[in-house]
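**Student:** Have a look at the structure that comes next, please.
Since every read-out is calculated from the coordinates, none of them should be taken as a lab result. Every value quoted in this text rests on a predicted model; they were computed, and no experiment measured them. Ideal geometry is used to build each Cβ from the backbone, glycine not excepted, and the neighbour counts take in all protein chains shown.
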Amino acid sequence: MRSPSRGFHFKPVTRATLDDLDHFSQAHGKFRYCSCMRWRLTSSEFKRSTRDERVAKLQRKVRSGIPVGVLAYDDGVPVGWCSVAPRKTYAALERFRALARIDDAPVWSVVCFFVDRNFRRSDLTSRLLGAAIDYARSMGASAVEGYPVVPGPRLYTYMGSPAAFARKGFEDVTPAGRDRPVVRRRFRR
């Protein structure tokens, strides 16, 4: 097992780093299965698609200049992922009633973290979230939202924990009566 150097650096996934995303995907079968398309495709599109089609769809988004996320690197090797993009690019999220928009703000959304098992418990998720915030801000976002799940045996735990978002200055903006939390970090102009 490799020992993490903790000298992580981060890059957004662009045409220039698409090979790095492919390398990360090839090395992590669970990531490759979804290719972070679960929230980007409608439910019926996702169910009809194959793993290879999902890989290709994510690559096409990158090639067409659509933001998809950031990668974390250790010694030049991609070891972590955070999906961050304009909310409007997540077709399933836009339709998911439990996480319906709370207002018309043009927010970016963080919907997934994936960290190589050798780098878990190294604060990489928190650092990926910081990189996602920086990326969204650099792209002109006015706010970033997250939809954390309390750690446990629930589906969607890859969406991040409430504590991770709180450490990065996100505020709870969950509407009254809603079960799924919504947290937001606004940027000053």
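**Student:** In whole Å, how far is the Cα centre of the stretch 99-168 from that of the stretch 31-90?
**Tutor:** Going from one Cα centre to the other spans 15 Å.
**Student:** How far apart, in nm, are two points set 7 Å out from the Cα along the Cα-to-Cβ line at Ala98 and at Asp75?
**Tutor:** Roughly 4.0 nm, to one decimal.
**Student:** List the lysines whose alpha-carbon lies under 30 Å from that of Lys57, not counting same-chain residues fewer than 8 positions away?
**Tutor:** Lys11, Lys30, Lys47, Lys88
**Student:** Using the Cα atoms of the stretch 31-189, I'd like the radius of gyration and the largest Cα-Cα distance, Dmax, both in angstrom.
**Tutor:** For the stretch 31-189, the Cα radius of gyration and maximum Cα-Cα distance read 15.0, 46 Å.
**Student:** In addition: At 0.36 nm per residue, minus the direct Cα-Cα distance, what do Ala27 and Ser49 gain on full extension? Give it in nm, one decimal, please.
**Tutor:** Contour length minus Cα-Cα distance gives 5.8 nm.
**Student:** Now for a separate question. Using the Cα centre as the reference, give the magnitude of the dipole from point charges on the C-beta atoms of the chain (Lys, Arg: +1; Asp, Glu: -1; all else neutral), rounded to the nearest 20 debye.
**Tutor:** 300
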